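Coordinate-derived values only; no laboratory data. Computed from a prediction, not measured in an experiment: that's the story for all the values here. Methodologically, a virtual Cβ is constructed for each residue, glycine included, from the backbone with ideal geometry; neighbour enumeration extends over all protein chains shown.
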Amino acid sequence: MLHIYFTATADEKINAIVGLPGSTHADLTLQRNGVRYARMGAMGAKNVGKDCNHFDVRNTKFESYGLADPATPDPGPGNRLRPWWETWTMIGCGQIIDVPIDFVPDATGTTIIQPSGAIKR
């Protein structure tokens, strides 16, 4: 799945922006910021060579509302500050790494957390 976002400018031009592949619920800003955390998680995974420092996002997968670790229940669809977690699959240096990413919205924005637990396939 590929996400393409369109914007129109005052001079009637249309711009297209390609988002990350997969089922992420993150908007473009969170996607851009989340990549940094996913790369750090991939580089910190067990058995990843210390010289491997470039990973790209291969896929994103929305997992669930609430958080897995620490277990945080879903506050429900009526709550506008509903946390969620995803798995971002990173590829680099001939390796594929699944990295968990938590998104925790609050009154001032959304905190992105990369909990430990990146798994090399």
*Got a sec? Which residues in the range 21-48 would a label at Arg80 touch, if it sits 7 Å along Cα→Cβ and we count backbone N under 12 Å?*
none
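How large is the charge dipole for the chain, taken about the Cα centre, if only the Cβ atoms of Lys, Arg (+1) and Asp, Glu (-1) carry charge, to the nearest 20 debye?
On the way: 12 positive and 12 negative charges, 76 e Å.
Rounded to the nearest 20 debye, it is 360 debye.
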*With unit charges on the beta carbon (Lys/Arg positive, Asp/Glu negative), name the residue among Met40, Val18, Leu2 whose Cα is farthest towards the positive pole of the charge dipole of the range 1-62.*
Met40
*Using packing as a proxy for protection, rank 109-116, 75-82 so that the peptide with the highest average count of other Cβ atoms within 10 Å comes first.*
109-116, 75-82
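Counting only Cα atoms, I'd like the Rg/Rh figure for the range 24-120, Kirkwood definition for Rh.
Working: Rg = 13.6 Å, Rh = 13.7 Å.
Using only Cα positions, Rg/Rh for the range 24-120 is 0.99.
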*Using modelled amide H (1.01 Å from N, peptide plane; none on Pro or chain starts), what sits under 5 Å from the amide H of Ser23, excluding residues fewer than 5 places away?*
Thr60, Lys61, Phe62
